[in-house]
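The values are calculated or read from the model by the stated rules, or taken from the named source; none is laboratory data. Predicted, not measured: the structure shown is a model, and the values here were computed from it. Positions of Cβ are backbone-derived with ideal geometry, glycine not excepted, and every protein chain shown enters the neighbour counts. Calculation scope for accessible area: heavy atoms of the full protein, side chains included, ligands and nucleic acids excluded. Shrake-Rupley method; radii C 1.70, N 1.55, O 1.52, S 1.80 Å.
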Amino acid sequence: MRKLSWVTLFLVLLLYFISMCSLYSHMNNKWLVSPPNYVILILSILGLALAILGFKDTSNKSTKVRSWISTVLSLALIFILLGALSFTSIFSGYKQLLTTTHSPDKHYTISFYKTDAGAMGSFGVMGELKGPLWFKRVFYYEGKTDQVDLEWVDNHTISINDQKVNLLNGETVRRSP
């Protein structure tokens with residue numbers, strides 16, 4: 001049981017680290033490498049259950065302290081994630097898939113979406129570069145348009161609405177007319 005309190009504490013701290021990486025990725029338009037928020041929420045609930053099980057070990061005071069710390073941290077993370085998921089589901093707006101394209105060498109997969117924030121914002125087109133597993137990165141956004149005209153220039157350069165983007169260099173484009 002003593003090992004369970006350590007495992008639970010490390011799990012909860014790892015989930016906090018993953019959540020911070022996810023937040024950083026969203027804020028800075030970097031590769032999103034963390035799993036979706038609902039997966040982190042499920043793992044946080046598992047961490048809470050393991051922390052509660054850790055209270056069964058009454059051998060010393062440090063295991064109780066670790067169980068209390070794990071319980072409090074996992075509860076806080078659960079409430080934060082529930083708030084974030086609720087907020088994004090209410091205020092994220094509308095996103096409709098327009099097209100998906102592959103580079104000529106099939107190395108890159110890009111999906112283009114029509115976005116509409118409704119009364120809270122504007123509409124536009126967003127390009128999302130797909131990676132392995134659930135990894136993705138938004139590399140293109142153009143406001144006030146609902147169409148995308150694309151053509152591959154070579155294996156790693158694409159022309160989107162007369163704007164060339166080199167994916168090999170990690171370029172991003174944000175146009176708002």
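List of remarks:
- When the residues of the range 42-73 are filtered to those that are modelled with pLDDT of 90 or more and open to solvent by less than 20 Å² (accessible area, probe 1.4 Å), the one that is farthest from the chain's Cα centre (by Cα) is S67.
- A76 satisfies every condition listed in (1) out of contact with any Leu (no Cβ under 6 Å at 6 or more places or on another chain); (2) closer than 30 Å to L15 by Cα; (3) touching a residue at least 12 places away in the same chain (Cβ under 8 Å); (4) open to solvent by less than 50 Å² (accessible area, probe 1.4 Å) except (3).
- Qualifying positions in the range 133-160 - touching a strand residue (DSSP E or B) at 6+ places or on another chain (Cβ under 7 Å) and on the phi > 0 side of the Ramachandran plot: K144
- Candidate set from the range 4-41 (those that are touching a residue at least 24 places away in the same chain (Cβ under 8 Å), among the aromatic types (F, W, Y) and in a helix (DSSP H, G or I)); member that is most open to solvent (accessible area, probe 1.4 Å): Y38
- Cβ-Cβ contacts under 7 Å between residues 6 or more apart (or on different chains), taken from a first residue in the range 122-143 that is over 12 Å from R175 (Cβ atoms) to a second residue that is among the polar types (S, T, N, Q) and modelled with pLDDT of 85 or more, are listed as F123/T115; E128/S111; K130/T109; K130/S111.
- Where strands (runs of 3 or more DSSP E) sit wholly within the range 86-177, those with at least 1 residues that are under 20 Å from K30 (Cα atoms), at pLDDT 90 or above and open to solvent by less than 50 Å² (accessible area, probe 1.4 Å) occupy 109-116, 123-130, 136-143, 157-160, 163-166.
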